[in-house]
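Each remark here refers to the structure printed beneath this line.
The values are calculated or read from the model by the stated rules, or taken from the named source; none is laboratory data. All figures in this text were calculated on a predicted structure; none of them were measured in a lab. When we count neighbours, we look across all protein chains shown, and the Cβ atoms used for this are built from the backbone with ideal geometry, even at glycine.
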Amino acid sequence: MRELNRYYQKFNKQSIRRTITDSSSSESYRFDSIIINNFINFLEDLEFKSMAIYSPTRHEIDTVEIFYYLKKRKIEIFYPLVSSNLLEFGLVENLDDLKIGKFGVGEPRGAKKAIIDCIDLFLIPCLAIDENNKRLGYGGGFYDRAMKNIDSKKTLAILRPKRLIRDFSAEAHDIKIGKVISVEKQNMEERDELN
């Protein structure tokens, strides 16, 4: 029975990943600017000195506007990079510091690496999030391993509306996101783990 449950969990996650990555690229881009504005408005009320963000895949919301907002506030910005199958974070001063990495997204090269515990906030890339704020990623487990000891209150996600799903059979190692920001203010309040 345990093996059957494990098979179902894996199948369900793979099915959701495939549906999202196979979906039309116009899926909900019209909401992206609203989501980015909601996210920036949320950050306005927070005091922090450093934040990790990410270079998006074509299935994720672009974070360039967030980068420039953080630069304007003089926040240290870190981007993830995969090194020896581990996720690390490097300081990025300029978007030109990013080079295409192992998974086809920009990674900092030759950047000062951060001790993960010293980063104040993390914007985590997600394909989907369930009703318990558990994250569905691409299946490599990089974020699950890197963030396992980080308080979920330090984790944030921006997500298109159709990516907020009831259940994908999250497993114990799937990280929980502290704050999910989407289109409607209602989504933000109901899914808030920071308060």
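Some values worked out for this structure:
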quantity: Output for region 43-69, where each listed residue is under 19 Å from Ile100 (Cβ atoms), free of Cβ contacts under 8 Å to residues at least 60 places away in the same chain and among the charged types (D, E, K, R); calculated: Arg58, Asp62
quantity: Whichever residue in region 106-145 is buried (at least 19 other Cβ atoms within 10 Å of the Cβ) and among the small types (Gly, Ala, Ser) and, among such residues, is nearest to Leu164 (Cα to Cα); calculated: Ala128
quantity: Residue that is nearest to Val105 (Cα to Cα), among those in region 40-64 that are of a type in the set (D, E, K, R) and assigned to a loop (DSSP other than H, G, I, E, B); calculated: Arg58
quantity: Of residues in region 89-105 being surrounded by 16 or more Cβ atoms within 10 Å (Cβ to Cβ) and in contact (Cβ under 8 Å) with a residue 40 or more places away in the chain, the one nearest to Ala172 (Cα to Cα); calculated: Val105
quantity: Single match in Phe67, Phe78 (criterion: modelled with pLDDT of 95 or more, outside any helix (DSSP H, G or I) and surrounded by 18 or more Cβ atoms within 10 Å (Cβ to Cβ)); calculated: Phe78
quantity: Hits in region 115-133 - residues which are aliphatic (A, V, I, L, M) and at pLDDT 90 or above; calculated: Ile115, Ile116, Ile119, Leu121, Leu123, Ile124
quantity: Boolean, Glu76 is free of Cβ contacts under 8 Å to residues at least 60 places away in the same chain, under 18 Å from Phe48 (Cα atoms), touching a Lys or Arg at 6+ places or on another chain (Cβ under 7 Å) and among the acidic types (Asp, Glu); calculated: yes
quantity: Region 95-128: number of residues that are assigned to a loop (DSSP other than H, G, I, E, B) and either aliphatic (A, V, I, L, M) or closer than 21 Å to Arg58 by Cα (or both); calculated: 13
quantity: Enumeration of residues in region 137-183 that are in a strand (DSSP E or B) and hydrophobic (A, V, I, L, M, F, W, C); calculated: Leu156, Ala157, Ile158, Leu164, Val180, Ile181
quantity: Of all residues in region 47-64 being among the aliphatic types (A, V, I, L, M) and under 16 Å from Ile124 (Cβ atoms), the one that is surrounded by the fewest Cβ atoms within 10 Å (Cβ to Cβ); calculated: Met51
